[in-house]
Structure formats: structure tokens, C-alpha cells
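> The structure that follows is given in the form of C-alpha cells.
What follows draws every value from the coordinates through simple rules; no lab data is involved. Keep in mind that this is a model prediction, so the values were computed, not measured. In this analysis, Cβ positions are derived from the backbone assuming ideal geometry, glycine residues included, and neighbour counts consider all displayed protein chains.
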There are 2 protein chains.
Amino acid sequence: DPAAGREKAAMCQVCHGLDGIGKNPEVPHIAGESEIYLMAQLRAFRSGERQHQQMSIIAQSLSDEDIRDLADYYASIKFEVTVPDY
Amino acid sequence: DPAAGREKAAMCQVCHGLDGIGKNPEVPHIAGESEIYLMAQLRAFRSGERQHQQMSIIAQSLSDEDIRDLADYYASIKFEVTVPDY
């Protein structure tokens, strides 16, 4: 449920923004990422399979439903890319 | 050097594309990600700090220069988002 995910994204927005664009260079953009990838990363941070100072702590508080809603929300953000010519 | 990175991205494009858009739902979009984040992830896969079936293998072959060039290239892709209303 992306709308529920948007509510829950209040805890993510400091670093990821509600627009899914990283707010500092160490933070990835997650706008438009696939739900499968986002859920896999949140589960990995929660289980410890993937480690990160903040994410490992935040992920402990996430239920399976939270993970699904947050992934739904960020995956629902549309994006366009422009590949430069080299 | 993004142009050199584009050449080297030939080994990445099967999964990540030259446009930085994941070619299957398990692959993240890396278009427009910050160089700092991309380099940190490639180093983590190379050192084993982060694990992934393909990335852990591929990253072993990357030199520091490769990592910088690939990060330069993918970071140079323009990335614009449209946040849906909920």
C-alpha cells in the first residue's frame, strides 16, 4: 500500500527524502527502485545480512507490512533518465 | 573519467544497462547515483563487506581506477523523478 508507505516514509525522509533522492552523497536514490530490490535490502538490513550504521538500527523496527508498504511507496515514484553522449 | 567508465560498463550492462536502469527486479537502478555511494558499494563488494552472488565476483576484477571510472559514468546519468500524490 503506497499511501501507507508514504506515511511510514516520514522516518526515511531525512536521508532518502519523500522523493527518494538521497539527501547526501552517501545515501542512495531509492526513487523508482523495484519493490523486490527494496524489500530484499530492508530484510537484509533487518537480518544483518547487510550492514549499515543507521539502516541496521532502523530496519529492526520494521514489520513485514512496513517493509512492503515502504517498498510500494518508493517503487511508485516515477523517474526518467538521460544518458549523456561520450 | 565517465567516458572511460562507459567503455568499462560493457561488463555491467547485462544487469544494469548502459542507462543504469535495472534489467530485472532484483537489480537496482544505479543511474544518477552519487559517485561516493557507487564507489563505496563497489569497494564493499570487492572487500567482501557486502555480499552478492554476481557482484562479489565481478568486483574482484575491478581496479581502483575502474571503480572510479564506472562510478563517474553512472553518476553522470541525469535522473529526474515525479512523486505521485497520495
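> Can you name the condition, by its number, that B:Ser47 falls short on among (1) in contact (Cβ under 8 Å) with a residue 24 or more places away in the chain; (2) of a type outside the set (Lys, Arg); (3) more than 16 Å from A:Phe79 (Cβ to Cβ)?
Every condition holds for B:Ser47 apart from (1).
> Against the conditions (1) more than 23 Å from A:Asn24 (Cβ to Cβ); (2) assigned to a helix (DSSP H, G or I); (3) facing chain A (nearest Cβ under 7 Å), where does B:Asp66 fall short? Just the number, please.
(3)
> Consider B:Ile77 against the criteria (1) of a type in the set (Val, Ile, Thr); (2) farther than 30 Å from A:Ala4 by Cβ; (3) surrounded by fewer than 16 Cβ atoms within 10 Å (Cβ to Cβ): it satisfies all of them except one. Which criterion is unmet?
With (1) of a type in the set (Val, Ile, Thr); (2) farther than 30 Å from A:Ala4 by Cβ; (3) surrounded by fewer than 16 Cβ atoms within 10 Å (Cβ to Cβ) applied to B:Ile77, the lone miss is (3).
> Restricted to segment B:37-51, and to residues that are at the interface with chain A (Cβ under 10 Å from one of its Cβ atoms) and loosely packed, with under 15 Cβ neighbours inside 10 Å, which residue is nearest to the chain's Cα centre (by Cα)?
Only one residue fits best here, namely B:Gln51.
> Quick check on B:Gly32: is it in contact (Cβ under 8 Å) with a residue 40 or more places away in the chain and at the interface with chain A (Cβ under 9 Å from one of its Cβ atoms)?
Yes.
> Of these, B:Ile58, B:Ile67, B:Ile30, which one is buried (at least 20 other Cβ atoms within 10 Å of the Cβ), of a type in the set (A, V, I, L, M, F, W, C) and touching a Cys at 6+ places or on another chain (Cβ under 9 Å)?
None of the other options fit; the residue is B:Ile30.
> Here's something else I'd like to know. For segment B:6-24, give me each residue that is surrounded by 15 or more Cβ atoms within 10 Å (Cβ to Cβ) and either within 11 Å of chain A (Cβ to nearest Cβ) or part of a helix (DSSP H, G or I) (or both).
Selection gives B:Arg6, B:Lys8, B:Ala9, B:Cys15, B:His16, B:Gly17, B:Leu18, B:Asp19, B:Gly20, B:Ile21, B:Gly22.
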